[in-house]
Structure formats: structure tokens, C-alpha cells
Amino acid sequence: MQNRVLLIEDDDELRQLLARYLDSQGFTVREAANGEDGLALAAEHHCDVVVLDIMLPDLNGLEVLRRLRSRTHLPVILLTARGDETDRIVGFEVGADDYIPKPCNPRELVARLQALLRRISWDQKTEADAVRHYGDVRLEPDQRRILLNDQVLDLTATEYEILQVLLAHAGSVVRKTDLMQWALGRRLSPHDRTLDMHISNLRRKLADQGGKRIETVRGLGYSYRVPA
């Protein structure tokens, strides 16, 4: 079965270029040139992942992301202006799973899409059904969800991946390079703060502002500490 991509991009030339390349790589692509049309397609047609430009002519891409997140946990990859750190930070806070700076290399987009979809598919096929407890946190692999004090955490697909890796290695340090590879499916590159942003969001959702649950081990990575 082909993976279905919803591509929301107002630049006609870029959108058509990416759509043709994705189609050549085996993806089924639906296109939208603005935020309202993109939201309508997301509601009417099932898709597996959304590629969303931040700069749209009607609704800002971040507002589109907010509306998507209010009703779905579909993985979302943002297309952002190169060097615009603020948009990336806000995008992760709103619920983006990954980002690619523009101008976008079609091959890199395909690699990111395949890595994201592969992680989700692998979890669905191989995760044991057994519920696991880590103090007041419960991992339910069959439902792809994590609960804190019996309340389901509102996690993106990537946040789920990161947290379940940290939980599986609770009490041990997970190197940033390993966590990036296992949870995001790519190597850690210099100045890439994607992982740090996701960790920050997880701490906020776990009410872990002091870093007592997810501890930063300077120069190495992160460690999840199960509360006593």
C-alpha cells in the first residue's frame, strides 16, 4: 500500500516539483495551495503524513498546525525558512514532528518521510502488547500512547518515540546520537536543536520543569529517572 502524503505549499513551482518527485518514489500525493484547502483535504481524505509550509497566503502554517493538532495526531513535517529558529521552536511547541529548511531538497524530504513513517509502522508491527509501568507513567504500546497518573499525554508521533526510548532505558543515559537515530531515524548533525526542542516539550507535558524526570547529562545525552 502506498503511503499517502498531504502537501500544503503555496509556491506552485515547488509544490508541483515535490509532488512529482514524491509520486516517482511511490507516494500518493494530495496537494493544497493554501491552509484552508489543506485543512479541508485533511478532514475529507485520509492521509498518513502532512508536509506543511509555514508561510501560506491565508492561514499561517502554524495556525494550520494548531487546527490539525486539535483533531488529529498525524505526523507533520514543516517546511521553514532557512535560519528561522523562532518558527521552528514554535512549530515544535505546537506539535510538529520534524522540519526541513527551504529551499527543500526533494531527496531529503523523501528520506525524512520514509524515516518517520518507518518508525510508526515498525512500532505497530513489533511492539509487544504488554502494558509497562514506570512509576506513575504507563506505556501502552498497542495503543501507541503514554499515560501520566492515568491521564493520556497529548504527544506527537516523534515525542512518543523519544519518550518510549527513554522509558525503555530508564535509569541509564541514552546518548543524543543514539536517541536521534532511534527516535527520529537520522544522525545528529552540528547545531541541530530538533532533539532538544522535543525534550523541552516533553518536560512541559510531564510537568518536569526542574529536569528531575528527564535529566540532561552534559556532554552525553538524557536519562529518564523514575520518581520514587
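The values are calculated or read from the model by the stated rules, or taken from the named source; none is laboratory data. Just so it is clear, the model here is predicted, and its values are computed rather than measured. Every residue, glycine among them, receives a Cβ derived from its backbone with ideal geometry; neighbour counts consider all protein chains shown.
Mind telling me which of the residues THR216, THR177 ends up being farther than 24 Å from HIS133 by Cβ, part of a helix (DSSP H, G or I) and β-branched (Val, Ile, Thr)? Steps first, please.
Working: THR216 fails: part of a helix (DSSP H, G or I).
Result of the check over THR216, THR177: THR177.
For region 181-203, enumerate the residues that are at pLDDT below 90 and of a type outside the set (Lys, Arg).
GLN181, TRP182, ALA183, LEU184, GLY185, LEU188, SER189, PRO190, HIS191, ASP192, THR194
Any idea which of (1) modelled with pLDDT under 90; (2) touching a helix residue (DSSP H, G or I) at 6+ places or on another chain (Cβ under 7 Å); (3) within 20 Å of ASN3 (Cα to Cα); (4) not aliphatic (A, V, I, L, M) is the one GLN124 doesn't satisfy?
All conditions pass for GLN124, except number (2).
Here is a check on your reading of the model: is ASP10 of a type in the set (D, E, K, R), surrounded by fewer than 16 Cβ atoms within 10 Å (Cβ to Cβ) and assigned by TED's automatic domain parsing to the domain that holds ALA96?
Working: of a type in the set (D, E, K, R): yes; surrounded by fewer than 16 Cβ atoms within 10 Å (Cβ to Cβ): no; assigned by TED's automatic domain parsing to the domain that holds ALA96: yes.
Here the answer is no, as ASP10 does not meet what is asked.
Those residues that are assigned to a loop (DSSP other than H, G, I, E, B) and under 21 Å from GLY135 (Cα atoms), I need them from region 188-213; list them, please.
Across region 188-213, the qualifying residues are LEU206, ALA207, ASP208, GLN209, GLY210, GLY211, LYS212, ARG213.
Using beta carbons and a limit of 8 Å, which pairs, at least six apart or on different chains, have the first residue in region 6-27 and touching a residue at least 60 places away in the same chain (Cβ under 8 Å) and the second one assigned to a loop (DSSP other than H, G, I, E, B) and among the polar types (S, T, N, Q)?
PHE27/GLN2; PHE27/ASN3
So which residues in region 165-176 are surrounded by fewer than 21 Cβ atoms within 10 Å (Cβ to Cβ) and either touching a residue at least 40 places away in the same chain (Cβ under 8 Å) or of a type in the set (Phe, Trp, Tyr) (or both)?
Here is the first cut: in region 165-176, the residues surrounded by fewer than 21 Cβ atoms within 10 Å (Cβ to Cβ) are 165, 167-173, 175-176.
If the condition is that a residue be surrounded by fewer than 21 Cβ atoms within 10 Å (Cβ to Cβ) and either touching a residue at least 40 places away in the same chain (Cβ under 8 Å) or of a type in the set (Phe, Trp, Tyr) (or both), then LEU167, HIS169, ALA170, GLY171, SER172, VAL173, ARG175, LYS176 are the ones that fit.
Select, from ARG203, ARG186, the only residue that is out of contact with any helix residue (DSSP H, G or I) (no Cβ under 8 Å at 6 or more places or on another chain), under 22 Å from GLY91 (Cα atoms), buried (at least 16 other Cβ atoms within 10 Å of the Cβ) and not assigned by TED's automatic domain parsing to the domain that holds GLN114. Steps first, please.
Values: ARG186 fails: out of contact with any helix residue (DSSP H, G or I) (no Cβ under 8 Å at 6 or more places or on another chain).
Selected residue: ARG203, the only one of ARG203, ARG186 that is out of contact with any helix residue (DSSP H, G or I) (no Cβ under 8 Å at 6 or more places or on another chain), under 22 Å from GLY91 (Cα atoms), buried (at least 16 other Cβ atoms within 10 Å of the Cβ) and not assigned by TED's automatic domain parsing to the domain that holds GLN114.
Any chance region 115-122 includes a residue that's among the aromatic types (Phe, Trp, Tyr), assigned to a helix (DSSP H, G or I) and surrounded by 20 or more Cβ atoms within 10 Å (Cβ to Cβ)? Steps first, please.
Residues of region 115-122 among the aromatic types (Phe, Trp, Tyr): 122.
If we keep only those that are assigned to a helix (DSSP H, G or I) as well, we get 122.
Checking which are surrounded by 20 or more Cβ atoms within 10 Å (Cβ to Cβ) leaves us with none.
Looking through region 115-122, none of the residues is among the aromatic types (Phe, Trp, Tyr), assigned to a helix (DSSP H, G or I) and surrounded by 20 or more Cβ atoms within 10 Å (Cβ to Cβ).
Taking the conditions exactly as written (more than 30 Å from ASP23 (Cβ to Cβ) and part of a helix (DSSP H, G or I)), does GLU93 satisfy them or not? Give the steps one after another, and end with the answer.
Details: more than 30 Å from ASP23 (Cβ to Cβ): yes; part of a helix (DSSP H, G or I): yes.
Considered against the rule, which asks whether it is more than 30 Å from ASP23 (Cβ to Cβ) and part of a helix (DSSP H, G or I), GLU93 comes out as yes.
For SER70, which of the numbered conditions (1) touching a residue at least 24 places away in the same chain (Cβ under 8 Å); (2) farther than 24 Å from ARG193 by Cα; (3) surrounded by fewer than 19 Cβ atoms within 10 Å (Cβ to Cβ); (4) not aliphatic (A, V, I, L, M) fails to hold?
Every listed condition holds for SER70 apart from (1).
Filter region 33-67 down to the residues that are of a type outside the set (D, E, K, R) and in contact (Cβ under 8 Å) with a residue 60 or more places away in the chain and list them by number. It would help to see each step written out before you state the result.
So the first thing to find is which residues in region 33-67 are of a type outside the set (D, E, K, R), and the list is 33-35, 38-43, 45-47, 49-52, 54-57, 59-62, 64-65.
Correct list: VAL49, VAL51.
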